[in-house]
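Notes to accompany the following structure.
The values are calculated or read from the model by the stated rules, or taken from the named source; none is laboratory data. It should be emphasised that the depicted structure is a prediction, and the values quoted were computed from it without experimental measurement. Cβ sites come from the backbone with ideal geometry, for glycine too, and all protein chains shown count toward neighbours.
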Amino acid sequence: MKGTPSQMIDAAKRSIRAARVLLDEDLPDQAASRAYYAMFYVASALLKNESLEFSSHSAVHAAFGRELANPNRASLARCIGGCSTHSFIERRQTTTRSTT
């Protein structure tokens, strides 16, 4: 994602708000997608703070695990990394269900 880390965090906040609305409207698959994007934007912002920027979701996911969610980093980053891995897989499954 392009932009500053602050802009990425703002995008994450908007995605969380959208996820809540979608859940209220009984649209859990779409809410899961917005929640995934919120985590993607946060991961992108954290990587940007490390002067790392990527254009694909898989590259952000891999770099986050490699650079931030390793044993030498803070436990929060490891926790976010675990949540991100789960949501990345869930988003793929949701997208597959939605297109079949």
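For region 9-45, filtering for residues that are assigned to a helix (DSSP H, G or I) and of a type in the set (D, E) leaves 3. Do the conditions hold for I89, that is, is it hydrophobic (A, V, I, L, M, F, W, C), closer than 24 Å to G3 by Cβ and either in a loop (DSSP other than H, G, I, E, B) or modelled with pLDDT under 90 (or both)? No; evaluated as a whole, the condition is false for this residue. Here's a check for you: in region 47-61, which residue that is surrounded by 13 or more Cβ atoms within 10 Å (Cβ to Cβ) and part of a helix (DSSP H, G or I) is farthest from the chain's Cα centre (by Cα)? Per the criteria, the residue is K48. When residues in region 1-49 are screened for being small (G, A, S) and touching a Phe, Trp or Tyr at 6+ places or on another chain (Cβ under 8 Å), 5 of them pass.
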